[in-house]
Each structure stands twice: as structure tokens, then as C-alpha cells.
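Only one structure is covered here, and it is reproduced in the block below.
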């Protein structure tokens, strides 16, 4: 079905979907869109299910510089950048590879960066029940770079601080200084 929609889109913008270079474009666009929106068919609880371990660790755990790619829900253009995620365990730790996977659950959807940041933080808080969660996302938005204001070097930074990261300025500062190294 998407293939036909993309074929029609090519016609509507003045292209010939039957010319050699575009013959397989509708199929490729359909596969791309299904991949880029695969987060709608994922669940953070399923991602984390077998990777939560009882551990007497109470120090901050950070996974930083996680590459992220998403689609702006307003223009369906990409935004991309880095996510930095931390939590303060309270008897349970998560397998490290699962933090980027939780990010993918929410980034592979039509998104706004502000909501994405909060969804990742809230999911980790709910699934891990830690003493705190912090998420910072730094991203470049092609909807700003390619159209509208056309500001190619603008970075948008969003943060969500929960638990001790919100209530304790020293904990928050420790996290922020560690992700800047």
C-alpha cells in the first residue's frame, strides 16, 4: 500500500515513476519508512525483559554518545545526534546494550525531540525503578537546516532529569560534567 502512495507522490511532484532511476524508488521508500517507524511495533518492556539483573551497585551508570536518528513529526524530515543516558540503580542494573535499544523504541517513530527525551527517561524509570534517571539529547534537525530558517549549524539540546538527578544538584552536575568529557 505504501508503495502505491509513494508512486503517486512522485507523480504529484512532477516526476515520472516509470523512468529508470525511479522504478524501484516506491519499494525502497516503503522499506525505509517501515524501518524508520519500526518503534511503533516495539515495546520497551520487551526490549528490557531478560536483561535486568539484581546487583548491589549504587553508583551512577552512564551510556553516552549514543547515535540516534528520528523523523520530525511536523515535516517528516530526519533529525539526528547523540543521546546521553544515566541512571542511579536501586538494586537492579540493566544490560548496557539495552539502553540504546530503549532509545530506538522511541526514536524510530515520528517524533519531536522534547517528547523523545521524556519518553526514554520515563520508560527507564518505570522499568528499572532506579533512584534517578537523566537523559540529554543533542540533535541537528534537517527541517531547520534544509527549509524554513535554513540554519545548518543549529543544535537542539533537551534534557529530562528524574529522581535524584532532579532533586540533587550535585548528582545532576556530576552527570553533566561526565558527559562533557
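Relative to the longest principal axis of the Cα atoms of the chain, the long axis of helix 25-36 lies at roughly 10 degrees.
The distance separating the Cα centre of segment 142-173 from that of segment 103-119 comes to 13 Å. A Förster distance of 25 Å, applied to the separation of the beta-carbon atoms of residue 56 and residue 174, puts the FRET efficiency at 0.80. Using a ≥ b ≥ c from the Cα gyration tensor of segment 39-96 (square roots of the eigenvalues), is it rounded, prolate or oblate, where a/c under 1.5 gives rounded and otherwise the larger of a/b and b/c decides, a/b for prolate? Note, shape of segment 39-96 comes out oblate. Here segment 90-181 was treated as a single set of alpha-carbon atoms; its pair distances binned every 10 Å from 0 give 15, 41, 31, 11, 1 percent.
By the helix-only formula, in which each DSSP H run with n ≥ 4 contributes -39500 (n - 2.57) and the sum is divided by residues, the chain has a 222 nm mean residue ellipticity of -11500 deg cm²/dmol. Normalised by the number of residues in the chain, the average gap of Cα pairs under 8 Å and 6 or more apart makes the relative contact order 19 percent. A viscosity of 0.692 mPa s and a temperature of 37 °C, combined with the Kirkwood radius over C-alpha pairs in the Stokes-Einstein formula, give segment 26-70 a diffusion coefficient of 233 µm²/s.
Packing around the peptides 72-79, 114-121, 129-136, 28-35, taken as the average count of other Cβ atoms within 10 Å per residue, puts them in this order, highest first: 129-136, 114-121, 72-79, 28-35. The Rg/Rh ratio of the chain, with Rg taken over Cα atoms and Rh as the Kirkwood radius over Cα pairs, comes to 1.08. The calculated FRET efficiency for the pair residue 154 and residue 96, based on their C-beta separation and a Förster distance of 25 Å, comes to about 0.20. Averaged over residues, the count of other Cβ atoms within 10 Å places the peptides 164-177, 145-158, 91-104 in the sequence 91-104, 164-177, 145-158, highest first.
Helix 169-179 axis versus longest C-alpha principal axis of the chain: approximately 50°, rounded to the nearest ten.
In degrees between 0 and 90, to the nearest 10, how far off the longest principal axis of the chain does helix 2-12 point, with axes built from Cα atoms? It is inclined by approximately 50 degrees.
Since every read-out is calculated from the coordinates, none of them should be taken as a lab result. Quick caveat, the model's predicted, so the values are computed rather than measured. Glycine gets a Cβ as well: all are built from the backbone with ideal geometry, and neighbour counts include every protein chain shown.
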